Amino acid sequence: MDTDGDQGRAHHGDRRFGFLDVCAGAGGLALGLEQAGFDPLLLIDNREVACDTLNLNRPDWDVRRVDLLEFDPVHDQQVYDIDLLSAGLPRVPAAASVNGPADSEVEIALIRATIMLMHAVQPKALLLENMAELADRDRYQPTRDFVMAEVEHLGYHGRWFVLNAADHRVPQDRRQGIFVALKGDRMDAFEEPARVLEPPVTVGDALGESMGARGWPQAAEWAAHADRLAPTLVGGSWNRGGGDLGPSGTKAAWQRMGVNGGSLADEVPGPGYRWRPDLERSQLVRLTVEQTARLQGFPPDWRFAGRKTARYRQVGNASPPPVARALGMALRKALA
């Protein structure tokens, strides 16, 4: 899997674009945009551990710990008329997992705050990334209508669509809802990123080498068994529970790949570990946080701050950098 840190960067001498990234999280969206030729002038997030992760990897980035609902750009006028406003916003709950509209109140408020920020910042382009349901479920039609009405009022044209990260060399079945808007007639030049015409990267492809890093003799056998895409990684709630790979159906999918999805490991298996895919789930191999980051498309040198559960929360809630890179390259063409 090609997730090299420099992969996709604009060639030296090409114009680089500036962007403001809100709800930046662990930096997946910002990293992919950087690789596509965009430089962040400001990144904001309300979680200290996420800001620590950003500073750990890019100490030269201007990272602020601030709640989007309280952010006023009047003191950061370098972001006025910026090329791009990007937002990998907290996921709205899918209809199957909530009891009513009130369950998504905070997430919808953040979407609205991002759109209202457009009034002050007036970027040339807007990029929103969220759950696929936001882009294609009837439940969220009022939110889509609000977003479209506001951007059109400001002189932009926009489009909702859905991408699957697996189509961009991310070893995961992860559908993403995307909204792109550009000022004036630039939207006519925007083309949605085309899927990469190569076989999908499987879990075994992505993690086989790391599974053998401590001399586990069955790493290649396990990798051959894990010959399919990962299910969607779910970061889970910041307010409760430990780190696991998702709900019961997701855990069952991991079990078919010989993985215990009920918890995370501190390190990969050693030489003495004996793996049998017919064992109970609790006795199967577990993934490390670093391995889940690879499944999300992060390069191996991207580090995550905090304890194990907090690190996994950041990974599971992140935007896959390869998809962000593809979107960034598409936006470059429209902005040129």
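How about segment 168-179: which of its residues are crowded, with 18+ Cβ neighbours inside 10 Å and either of a type in the set (A, V, I, L, M, F, W, C) or over 12 Å from Asn130 (Cα atoms) (or both)? Answer for segment 168-179, where residues must be crowded, with 18+ Cβ neighbours inside 10 Å and either of a type in the set (A, V, I, L, M, F, W, C) or over 12 Å from Asn130 (Cα atoms) (or both): His168, Arg169, Val170, Pro171, Gln172, Ile178, Phe179. None of Asp145, Asp185 is surrounded by fewer than 16 Cβ atoms within 10 Å (Cβ to Cβ) and at pLDDT below 95 except Asp185. At least 2 residues being among the polar types (S, T, N, Q) and modelled with pLDDT under 95 is the threshold, and among the strands (runs of 3 or more DSSP E) wholly inside segment 1-117 not one reaches it.
The residue that is farthest from the chain's Cα centre (by Cα), counting only those in segment 180-196 that are more than 15 Å from Glu129 (Cα to Cα) and among the small types (Gly, Ala, Ser), is Gly184. If only residues of segment 249-302 that are farther than 19 Å from Val170 by Cα and assigned to a helix (DSSP H, G or I) are counted, the one that is farthest from the chain's Cα centre (by Cα) is Gln283.
The values are calculated or read from the model by the stated rules, or taken from the named source; none is laboratory data. Computed from a predicted model, the values in this text were never measured in an experiment. Positions of Cβ are generated from backbone atoms using ideal geometry, with glycine treated the same way; all protein chains shown enter the neighbour counts.
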